[in-house]
Amino acid sequence: KAGVTQTPRYLIKTRGQQVTLSCSPISGHRSVSWYQQTPGQGLQFLFEYFSETQRNKGNFPGRFSGRQFSNSRSEMNVSTLELGDSALYLCASSLGGRVQETQYFGPGTRLLVL
Amino acid sequence: QKEVEQNSGPLSVPEGAIASLNCTYSDRGSQSFFWYRQYSGKSPELIMSIYSNGDKEDGRFTAQLNKASQYVSLLIRDSQPSDSATYLCAVSSKLIFGTGTRLQVFP
């Protein structure tokens, strides 16, 4: 079974631009979560989507948004990019249950904002 | 207080020794706990999950959970240089992560 895929793998943008990242979950997985990883803050939860609905949300500004499609693929959008948005963005998929569920991570998209 | 706390390390152990990684969490209602390993430049991969108090063993890895003390640990027996990585503790449904402990196993 194919793993979680993310595109693009690397991205360079300038301040003020916007960016869209894509995540395709493992086949059969209906939940997709997004995380931001930086050296200083570690891995931080952005949001989770399940059945095309945002089910959980972390403490990030409204510039960070996402959506999920009927095939469970998910996109994350960051508008008005800031230098501090430079990070590794990881998505993780799971079957879609709740508490006791294993998440499987994709390889990540490394975003550099200049 | 951070929701999930880990010692950032690095924790250096000789090959063949036991590495002990610790994690404390603040939410008493947390029900599920995970240990992920992350090699440099790679994404996290699940090592162990634990839901009940006590020990759970899987090969060279043992996870220990004490909900009363809000403490979860990971023991790695017979540590190998290939175990050198950052180990992330994650708690509950939103997977709140600690910042990770960097483990170095030297020959």
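Is it true that some residue in region A:48-67 is within 14 Å of chain B (Cβ to nearest Cβ), at pLDDT below 95, under 30 Å from B:Asn7 (Cβ atoms) and within 11 Å of the chain's Cα centre (by Cα)?
yes
Being at pLDDT 95 or above and aromatic (Phe, Trp, Tyr): is that true of B:Tyr87 here?
Yes, satisfied.
So how many residues does region A:60-83 have that are in contact (Cβ under 8 Å) with a residue 12 or more places away in the chain, loosely packed, with under 13 Cβ neighbours inside 10 Å and closer than 30 Å to B:Arg102 by Cα?
Counting residues in region A:60-83 that are in contact (Cβ under 8 Å) with a residue 12 or more places away in the chain, loosely packed, with under 13 Cβ neighbours inside 10 Å and closer than 30 Å to B:Arg102 by Cα gives 2.
State all residues of region A:21-42 that are touching a Phe, Trp or Tyr at 6+ places or on another chain (Cβ under 7 Å) and either at positive phi or modelled with pLDDT under 90 (or both); if no residue qualifies, say none.
The one that is touching a Phe, Trp or Tyr at 6+ places or on another chain (Cβ under 7 Å) and either at positive phi or modelled with pLDDT under 90 (or both): A:Gly42.
Is there a residue being within 14 Å of another protein chain (Cβ to nearest Cβ), outside any loop (DSSP other than H, G, I, E, B), under 28 Å from A:Gly108 (Cα atoms) and open to solvent by less than 30 Å² (accessible area, probe 1.4 Å) anywhere in region B:60-71?
Within region B:60-71, one or more residues are within 14 Å of another protein chain (Cβ to nearest Cβ), outside any loop (DSSP other than H, G, I, E, B), under 28 Å from A:Gly108 (Cα atoms) and open to solvent by less than 30 Å² (accessible area, probe 1.4 Å).
For every residue, the table says whether it meets (1) of a type in the set (Gly, Ala, Ser); (2) surrounded by 13 or more Cβ atoms within 10 Å (Cβ to Cβ); (3) within 16 Å of A:Gln37 (Cα to Cα).
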position	(1), (2), (3)
B:Asn7	no, yes, no
B:Ser12	yes, yes, no
B:Ala19	yes, yes, no
B:Cys23	no, yes, no
B:Ser26	yes, yes, no
B:Phe34	no, yes, no
B:Ser49	yes, yes, no
B:Asn53	no, no, no
B:Glu57	no, no, no
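Would a scan of region A:90-112 turn up a residue that is open to solvent by 30 Å² or more (accessible area, probe 1.4 Å), modelled with pLDDT under 95 and in a strand (DSSP E or B)?
yes
Go through region B:90-99 and count every residue that is open to solvent by less than 40 Å² (accessible area, probe 1.4 Å) and either in contact with an Asp or Glu (Cβ under 8 Å, 6 or more places away or on another chain) or at pLDDT 95 or above (or both).
3
Determine, yes or no, whether B:Ser30 is within 11 Å of chain A (Cβ to nearest Cβ), assigned to a strand (DSSP E or B) and closer than 19 Å to B:Ser92 by Cβ.
No: the conditions fail for B:Ser30.
From A:Thr20, A:Thr80, grab the single residue that is out of contact with any helix residue (DSSP H, G or I) (no Cβ under 7 Å at 6 or more places or on another chain) and assigned to a loop (DSSP other than H, G, I, E, B).
Of the residues listed, the single one that is out of contact with any helix residue (DSSP H, G or I) (no Cβ under 7 Å at 6 or more places or on another chain) and assigned to a loop (DSSP other than H, G, I, E, B) is A:Thr80.
The values are calculated or read from the model by the stated rules, or taken from the named source; none is laboratory data. It should be emphasised that the depicted structure is a prediction, and the values quoted were computed from it without experimental measurement. Cβ: placed from backbone, ideal geometry, glycine included. Neighbour counts: every protein chain shown. Accessible surface is based on the protein model in full, side chains and every heavy atom, while ligands, DNA and RNA are left aside. Shrake-Rupley method; radii C 1.70, N 1.55, O 1.52, S 1.80 Å.
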